[in-house]
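Enquirer: Here you go, one structure.
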Amino acid sequence: MTTYCEIREVADMADLRAWAAAHHVPIIRGGYTLSGCTIYSATCGTLTLVCVGLEKGPGPLIWRSPFE
């Protein structure tokens with residue numbers, strides 16, 4: 001069986017930092033959850049580890065149409 005992408009969630013940022021350091025890969029901020037918490041991830045090969053941070057991101061996104 002071929003693995004294209006494997007995504008796992010880790011418990012906290014300390015685990016993500018340790019894994020990223022051991023694999024010599026950067027940690028990136030990937031976006032925000034629906035509740036506004038920051039999502040961090042690190043990828044090595046086909047494996048991506050993600051962690052949901054405790055800090056809140058910017059406020060809710062507000063769409064303003066350029067045509068109105």
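FYI, it's all coordinate maths here, none of it is from the lab. Because the structure is a prediction, the values reported are computed rather than measured. Positions of Cβ are backbone-derived with ideal geometry, glycine not excepted, and every protein chain shown enters the neighbour counts.
Enquirer: Residue by residue, what Karplus-based ³J(HN,Hα) values in Hz, rounded to whole numbers, does the stretch 37-44 have, using 6.51, -1.76 and 1.60 with θ = phi - 60° and x for Gly and Pro?
Expert: Working through the residues one at a time gives 7, 6, 10, 10, 8, 9, 10, 9 Hz.
Enquirer: A further question follows. Based only on the alpha carbon positions, what is the Kirkwood hydrodynamic radius of the chain, in angstrom? Walk me through the numbers before you get to the answer.
Expert: Numbers: mean 1/r = 0.0737 Å⁻¹.
Hydrodynamic radius (Kirkwood, Cα only) of the chain equals 13.6 Å.
Enquirer: Report the gain in length on full extension from residue 34 to residue 9: 0.36 nm times residue separation, minus Cα-Cα distance, nm rounded to one decimal.
Expert: Length gained between residue 34 and residue 9: 7.4 nm.
Enquirer: How would 54, 47 line up from fewest to most surrounding beta-carbon atoms within 10 angstrom?
Expert: 54, 47
Enquirer: Whole-Hz ³J(HN,Hα) for each residue in the stretch 20-32, computed from phi via Karplus 6.51 cos²θ - 1.76 cosθ + 1.60 with θ = phi - 60°, x for glycine and proline: what do you get?
Expert: Karplus values, whole Hz, x for Gly and Pro: 5, 5, 5, 9, 6, 10, x, 9, 10, 8, x, x, 9.
Enquirer: Tell me which residues come under 5 Å, amide H to amide H, from residue 48 once H is placed; ignore anything under 5 positions away on its chain.
Expert: Long-range HN contacts for residue 48: 6, 7, 8.
Enquirer: Working out 0.36 nm times the residue gap between residue 65 and residue 44, then minus their Cα-Cα distance, what length gain in nm do you get to one decimal?
Expert: 3.7 nm
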